[in-house]
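Take a look at the structure below.
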Amino acid sequence: MLRWAKEVLPGAVKPAVATRYLASIGQLDAIFGALRMDQITPQTVAAYVSARTGKVTNATIRRDLTALSRLMAACVSWGWRTDNPASAYDRSMVREKRDPITLPGDREWHLLLAEAPEEIRRILRLLDATGFRSKEGEDLRGEQVDKARGQITLSITKTMRRRVVNWRTPGGDATPLLADAPRTGRLFRAYPNFSSNVGQVMRRIERQEQKAGREFRRFRVHDLRHRFAVRWLKEGGNIYSLSNHLGHTSVKTTEIYLDHLTEQERGVAQKGTQTAPERVESPSAKGDLEDAD
């Protein structure tokens with residue numbers, strides 16, 4: 001495990017993923033800690049799944065199996081064994097249950113913008129206008145912003161694949177947020193946990209609204225990405241271009257948003273091919289200061 005952590009992980013995955021893998025290895029110790037690598041069998045893998053089922057989520061079990069599988073793959077490469085029981089385990093036995101996508105309501109969104117501190121509000125508006133994952137927006141630097149082309153280059157992504165995207169799309173327009181961006185350096189201050197900061201603001205709003213006898217439905221920062229994607233498709237954008245913009249490895253992932261469209265809107269979204277470019281207005285065109293809902 002130490003050899004894998006030292007030689008393989010640094011060049012194979014991002015630091016945050018490596019940290020998560022090592023945390024999973026710590027959870028595996030109760031079942032596998034006393035075993036040699038050649039003593040791990042399909043039976044011991046199944047025993048681990050049984051021991052954890054009901055105590056943690058299926059998503060956690062699947063992440064732990066992924067970490068073990070990566071470790072065992074390294075051992076296969078080093079000649080310590082010839083198979084990988086963790087990889088061979090049928091993960092349909094621990095199917096991950098995804099919560100249905102719930103889009104932030106317009107009222108909740110505007111209440112959050114009104115209550116959030118200025119710096120947090122700027123990041124939230126960028127995420128809503130671009131559909132970026134939280135870290136992609138939080139860590140954005142001036143060097144990544146091409147004002148002449150109206151494009152942003154994302155080099156550190158979830159899939160570790162570099163992608164270049166327009167900042168003015170059917171899903172939103174980030175021109176008001178990026179037109180005056182510095183040429184170098186961070187665009188926003190660094191938050192140890194941006195989602196937690198936003199969560200604190202929303203809990204404060206929720207208490208205020210409850211006292212006033214009104215309902216407030218909290219949402220996750222990541223839900224702004226869903227909101228952007230649905231808006232893109234409802235505005236007539238192509239689903240294949242959206243998939244590329246979001247950085248999905250497969251358009252199958254992007255197809256979850258079709259459930260939020262009418263039959264006619266689906267037909268428009270699915271027209272064209274994956275290589276067809278999305279038509280967007282010039283980034284120099286004037287845009288409204290508020291993001292379209």
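Stretching the chain fully between Lys252 and Thr57 yields a gain of 67.8 nm (0.36 nm per residue, less the alpha carbon separation). Helix 223-234 versus the longest principal axis of the chain: what is the Cα-based angle in degrees, 0 to 90, to the nearest 10? Computed tilt is about 60 degrees. Of the GluC sites (Glu not before Pro) found in the range 27-128, the ones in coil according to DSSP and having at most 12 other Cβ atoms within 10 Å of their Cβ are Glu96.
Ligands, DNA and RNA are left out, and with a 1.4 angstrom probe the accessible area of the chain is 56 Å² per residue. Distance between the C-alpha centres of the range 55-74 and the range 6-20: 15 Å, rounded to the whole angstrom.
Ordering His110, Ile123, Ser134 by the projection of their Cα atoms onto the charge dipole of the range 98-145, which places +1 on the Cβ of Lys and Arg and -1 on the Cβ of Asp and Glu, puts Ser134 at the extreme positive end. In the range 1-139, the convex hull through the Cα atoms has an average projected area of 11.2 nm², a quarter of its surface area. Residues Asp173, Asp99, Asp128, Asp90, sorted by accessible area with the largest first, give Asp99, Asp90, Asp173, Asp128 [1.4 Å probe; ligands and nucleic acids excluded]. Cross-link partners for Lys55 among the lysines, with Cα-Cα distance under 21 Å and sequence neighbours closer than 8 places in the same chain left out: Lys97. Across the chain, the longest run free of exposed loop sites, meaning chymotrypsin sites (Phe, Trp or Tyr not before Pro) lying outside DSSP classes H, G, I, E and B with no more than 16 other Cβ atoms within 10 Å, spans 81-187.
Counting protein heavy atoms only, the range 75-197 has 48 percent of its accessible area on carbon and sulfur, 1.4 angstrom probe. If R0 equals 41 Å, the separation of the Cβ atoms of Arg81 and Ser155 corresponds to a calculated FRET efficiency of about 0.70. Every Cα-Cα pair of the chain was included, and the share exceeding 37 Å stands at 28 percent. Once both labels are positioned 7 Å from their Cα atoms along Cα-to-Cβ, the gap between Glu209 and Val17 label points is 3.6 nm.
Against the main long axis of the alpha-carbon atoms of the chain, helix 194-211 sits at an angle near 60°.
So what does log10 I(q)/I(0) come out to for the range 123-213 at q = 0.11, 0.15, 0.23, 0.24 Å⁻¹, using the Debye formula with one equal point on every Cα and no solvent? Results for the range 123-213 at q = 0.11, 0.15, 0.23, 0.24 Å⁻¹ read -0.37, -0.63, -1.18, -1.26. Projected label points at Glu263 and Ser195, each 7 Å from Cα along the beta carbon direction, are separated by 3.8 nanometres. Using all alpha carbons of the range 119-176, what is the percent of pairwise distances in each 5 Å bin, ordered from the shortest bin to the longest? Percent of pairs per bin, in order: 4, 19, 33, 29, 14, 2.
Here is how the number arises for the chain: DSSP H runs of 4 or more residues each give -39500 (n - 2.57), the sum is divided by the residue count, and the result at 222 nm is -14000 deg cm²/dmol. Counting only residues at least eight positions apart within a chain, or on another chain, the lysines with an alpha carbon under 30 Å from that of Lys6 are Lys14, Lys135, Lys158. With N as its number of residues, the range 67-224 has a Cα radius of gyration that, divided by 2.2 N^0.38 Å, comes to 1.37. Working from Cα pairs under 8 Å separated by at least six residues, relative contact order for the range 94-210 is 28 percent.
The values are calculated or read from the model by the stated rules, or taken from the named source; none is laboratory data. On a predicted model such as this, the values are computed, not experimentally measured, just so you know. In this analysis, Cβ positions are derived from the backbone assuming ideal geometry, glycine residues included, and neighbour counts consider all displayed protein chains. With ligands, DNA and RNA removed, areas are computed over all heavy atoms of the protein, side chains included. Shrake-Rupley method; radii C 1.70, N 1.55, O 1.52, S 1.80 Å.
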